[in-house]
Protein chains: 2
Amino acid sequence: MKRNTWQREAVRDALGRTEGFVSAQALHASLRGTGSEVGLATVYRALADLAHEGEADSLVQEGESLYRACTPGSHHHHLICRNCGTAVEISADPVEAWARQVAAEHGFTEPNHVVDVFGLCPECSAAASAR
Amino acid sequence: MKRNTWQREAVRDALGRTEGFVSAQALHASLRGTGSEVGLATVYRALADLAHEGEADSLVQEGESLYRACTPGSHHHHLICRNCGTAVEISADPVEAWARQVAAEHGFTEPNHVVDVFGLCPECSAAASAR
DNA sequence: GAGCGCCGTGAGAATGGTTCTCGGTAGGAT
DNA sequence: ATCCTACCGAGAACCATTCTCACGGCGCTC
């Protein structure tokens, strides 16, 4: 039996309100900042659930897990600003095909893949070149 | 001034002797198993150096950093068995081009990318279907 | 070959993100 | 309203990694 608690909703909302990827810790801090008395463990549990159910994507950077609300049910990848965390969903059909083919060529089965593109978003590029 | 210590050599050798990706901890354990009195911190330092100098590749999986000896100076990606860790170097020229193009389309500069393909290697596939 | 300066090492402590524990609380079915 | 039980919260536990600092060995110089 699955329950709808206001804590889980708060996490889902806070995640949806964010532009790019956020760490669990940052999300917890921001929830606390808005007066929600949510436990850190609960944030981790909610994020893990959301990621498991496909409502959020996660990636690991510098030892931290980052999360982002994502269009559910669709397979896609991200273009992520390594400075501010802003992320753009991108489809990568050619890469999907390539991954499957490469795996098959080497006799690998059940192919998965991790594809992320990092860079500096337009704003951060401008700021960097101005500095 | 850069020094050649037997510890660094031991780490390089142990890494070169391994088939796929290994964790720093596992490498340390295996070095200790062969009688080398190497410190854990030293293994971490050596691996970080090797990765920095391009003699090793690293990836993060399940909160652990995994390392592998790699052909130096070449840009490539990996096809990794998610069961036994065996890895095959693969070149991904079409993906390189795609990543640059996608980044440019969205105004992102200085593109990086993370591309890894996971799957079950032939041996593990056979073992899995036999079970 | 001997001396010397200083980098690399090692053991253990510190760090920091994540997970676990456990008593208490509240969702939802009846 | 009541009961069952999944969920929550606080803090402790965990674990990979990094830091600290005294010591030993590497490589340069003579």
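Side notes on the structure shown:
- Average partner coverage of B:119-125, which counts Cβ from other chains inside 10 Å: 5
- Backbone N atoms of the range B:73-90 closer than 18 Å to the 7 Å Cα→Cβ label point of B:Ser30 belong to residues B:79-89.
- Added length on full extension, which subtracts the Cα-Cα distance from 0.36 nm per residue, A:Gln61 to A:Asp13: 15.0 nm
- Check: the range A:1-49 dipole with +1 on Lys, Arg Cβ and -1 on Asp, Glu Cβ, in debye: 180 debye
- Unit Cα scatterers, Debye sum, the range A:31-131: log10 I(q)/I(0) for q = 0.21 Å⁻¹: -1.18
- If the convex hull is drawn through the Cα atoms of the range A:47-93, its volume per residue in Å³: 80 Å³
- Shortest first, B:Ser91 label-point distances to identical copies amount to 3.0 nm, with the label point at 7 Å from Cα along Cα→Cβ.
- Residue-averaged beta-carbon neighbours from other chains (10 angstrom radius) around A:79-90: 3
- Bins of 5 Å from zero: percent of alpha-carbon pairs in the protein assembly as shown: 1, 5, 11, 12, 14, 15, 14, 12, 9, 4, 2, 0, 0
- Computed log₁₀ I(q)/I(0) - Debye formula, equal Cα scatterers, no solvent, the range B:16-84, q 0.15, 0.19, 0.22, 0.26 Å⁻¹: -0.49, -0.78, -1.02, -1.32
- Copy-to-copy label distances for B:Gly107, where each label lies 7 Å from Cα along Cα-to-Cβ, are 5.0 nm in order of increasing length.
- Each other copy places its own label point for A:Gln61 at 2.3 nm from this one, sorted shortest first, where the point lies 7 Å along the Cα-to-beta carbon line.
- From largest to smallest, the equivalent ellipsoid semi-axes obtained for the range B:77-131 from the alpha-carbon gyration tensor read 33, 9, 8 Å.
Only the coordinates and a few stated rules stand behind these numbers; no lab work does. Quick caveat: nothing in here was measured; it's all calculated off a predicted structure. Positions of Cβ are generated from backbone atoms using ideal geometry, with glycine treated the same way; all protein chains shown enter the neighbour counts.
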